[in-house]
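Below you'll find the structure, written out as structure tokens, and then a few comments.
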Amino acid sequence: VFQNSNGVVMGTLVRIWVNFQNGNSINDSVGVSSVTDNGTGDFTVNFSNAFSDNDYAWSCAGGRANNQGAIIAVQDTANMATDSFIFTTRNTSNNKEDFTHTCFLCTR
């Protein structure tokens, strides 16, 4: 947490991030206990410590080999959990696919 000289919170660092590839092989992470591979292009990122609520900000990105396009499709944000996040990765033909690299982060 960043505070000014009066102790007022001015911002926070990213609390959770993960870079994984080809399913759920984690390259590196902070605040992530595991990534669950729910099937092709369907993942759950499990947080080491739960948020107090589900009003966190999140972002996902993915990359495929040979400069092919990539799309991240988020599932059911109405039911975002405090201790995990579920999302799908889809190729430009809208088919679920495990990407070469997938990144997820969130902050609160």
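Taking the Cα centre of the chain as origin, work out the dipole magnitude from +1 charges on Lys and Arg Cβ and -1 charges on Asp and Glu Cβ, in debye rounded to 20.
With Lys and Arg at +1 and Asp and Glu at -1, about 240 debye.
Accessible area per residue of the chain at 1.4 Å probe, in Å²?
Working: 6090 Å² over 108 residues.
Per-residue accessible area for the chain comes out at 56 Å².
Taking Kirkwood radius over Cα pairs in Å straight from the coordinates, which label in (i) 13.6; (ii) 14.2; (iii) 14.6 is the correct one?
Only one listed value fits the structure, namely (iii).
Report the full-extension gain for the segment PHE2 to ASN22: residue separation times 0.36 nm, less the Cα-Cα distance, to one decimal in nm.
Numbers: separation 20, 0.36 × 20 = 7.20 nm, distance 3.53 nm.
Residue separation times 0.36 nm, minus the Cα-Cα distance, leaves 3.7 nm.
I'd like to know which of GLN68, SER29, ILE86 lies farthest towards the positive end of the charge dipole of the chain, counting +1 on Cβ of Lys and Arg and -1 on Cβ of Asp and Glu.
Value: GLN68.
Hey, what do the phi angles of segment 65-73 turn into as Karplus ³J(HN,Hα) couplings, whole Hz, using 6.51/-1.76/1.60 and θ = phi - 60°, x for Gly and Pro?
For segment 65-73, the Karplus curve yields 5, 6, 6, 7, x, 9, 10, 9, 10 Hz.
Using a 1.4 Å probe and counting only protein heavy atoms, arrange LEU105, LEU13 so the residue with the most accessible area comes first.
Descending accessible area places them as LEU13, LEU105.
How large is the accessible surface of SER48 in square angstrom, using a 1.4 angstrom probe and rounding to the nearest 10?
Here the residue's solvent-accessible area equals roughly 60 Å².
Rounded to the nearest percent, how much of the accessible area of the chain (1.4 Å probe, protein heavy atoms only) is carbon and sulfur?
44
Which ³J(HN,Hα) values, rounded to whole Hz and listed in residue order, are derived for segment 79-94 from phi using the Karplus coefficients 6.51, -1.76 and 1.60 in 6.51 cos²θ - 1.76 cosθ + 1.60 with θ = phi - 60°, glycine and proline given as x?
10, 4, 8, 7, 10, 6, 9, 10, 8, 10, 10, 10, 7, 5, 8, 6
Spin-label point model (7 Å from Cα, Cβ direction): what's the THR107 to SER93 distance in nm?
About 3.8 nm, to one decimal.
The values are calculated or read from the model by the stated rules, or taken from the named source; none is laboratory data. What you are looking at is a predicted structure, and each value in this text was computed from that prediction instead of being measured. A quick note on method: Cβ atoms are made from the backbone with ideal geometry, for glycine too, and the neighbour counts reach across all protein chains shown. With ligands, DNA and RNA removed, areas are computed over all heavy atoms of the protein, side chains included. Shrake-Rupley method; radii C 1.70, N 1.55, O 1.52, S 1.80 Å.
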